[in-house]
Amino acid sequence: ELFRLRIDAEFGSKKLTEITRADFSAFLARLLASGLSASSTNHHGKLARRVLNVACDLGVLDKNPLSRLNLYREDNQKDTTLNSEQLGKLWTTLKEDGGQVARLGRLLIATAARTGEARLARWQDIRRAEKLWVIPAAHSKSKRTRSIFLNDSALEVLDELDTEGRYEFLFVQRRS
């Protein structure tokens, strides 16, 4: 679609050897000026660079003229932080749900743990007396053992789980 909608009209009649970085940079500048976002504009540059890389791999071109094509800085980050009211509503909704996934969600909120760490949490990793959850290196993203303080909300979630003493893991999908 990117090629069909925009690139073909601009470069479709040119031979691959006639495409220059300067021409393509000017094309991207026009796209940006037309109201296209930096991210969408960059997709055109990435596609063209990839096509010319394939042409190089096939021996059609000796060198990709777009290999060092400057792309636009994409400022597309969104702040998705919940305010106190939103967080309270989410917590209440998850608590009312009462299901296993809702409990997992509440534990994630209470501890700021990663989803994978919580899904793989074992009862032997929980030290209630110390209010501590020790995540083994094998289950942490950093591959280092780390500890998470268990606040009252996290302990409340643990108290609601019916897997302690019955299963190795905190969260168990009983169907499988």
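Can you run down the residue pairs with Cβ atoms below 8 Å, 6 or more apart or on separate chains, where the first is in the range 143-169 and at negative phi and assigned to a loop (DSSP other than H, G, I, E, B) and the partner is of a type in the set (Ser, Thr, Tyr) and open to solvent by 10 Å² or more (accessible area, probe 1.4 Å)?
Listed pairs, sorted by first residue: Leu150/Thr111; Asn151/Thr111.
Looking at the range 41-66, which of the residues that are part of a loop (DSSP other than H, G, I, E, B) and in contact with a Leu (Cβ under 8 Å, 6 or more places away or on another chain) is nearest to Leu31 (Cα to Cα)?
Among those that are part of a loop (DSSP other than H, G, I, E, B) and in contact with a Leu (Cβ under 8 Å, 6 or more places away or on another chain), it is Leu66.
Among the residues of the range 130-140, is there at least one that is open to solvent by less than 80 Å² (accessible area, probe 1.4 Å), under 21 Å from Lys95 (Cα atoms), outside any loop (DSSP other than H, G, I, E, B) and in contact with a helix residue (DSSP H, G or I) (Cβ under 6 Å, 6 or more places away or on another chain)?
no
I'm trying to understand the selection: among the residues of the range 70-123, which are touching a residue at least 40 places away in the same chain (Cβ under 8 Å) and of a type in the set (S, T, N, Q)?
Of everything in the range 70-123, those that are touching a residue at least 40 places away in the same chain (Cβ under 8 Å) and of a type in the set (S, T, N, Q) turn out to be Asn70, Gln100, Thr111.
Given the options Ala121, Ala112, name the one that is out of contact with any Pro (no Cβ under 6 Å at 6 or more places or on another chain), among the aliphatic types (A, V, I, L, M) and on the phi < 0 side of the Ramachandran plot.
That would be Ala121, the only listed residue that is out of contact with any Pro (no Cβ under 6 Å at 6 or more places or on another chain), among the aliphatic types (A, V, I, L, M) and on the phi < 0 side of the Ramachandran plot.
The values are calculated or read from the model by the stated rules, or taken from the named source; none is laboratory data. Owing to the predicted nature of the structure, the values given are computational and were not obtained by experimental measurement. Glycine also receives a Cβ, built like all others from the backbone with ideal geometry; neighbour counts cover every protein chain displayed. These area figures cover heavy atoms from the full protein model, side chains too; ligands, DNA and RNA do not enter into them. Shrake-Rupley method; radii C 1.70, N 1.55, O 1.52, S 1.80 Å.
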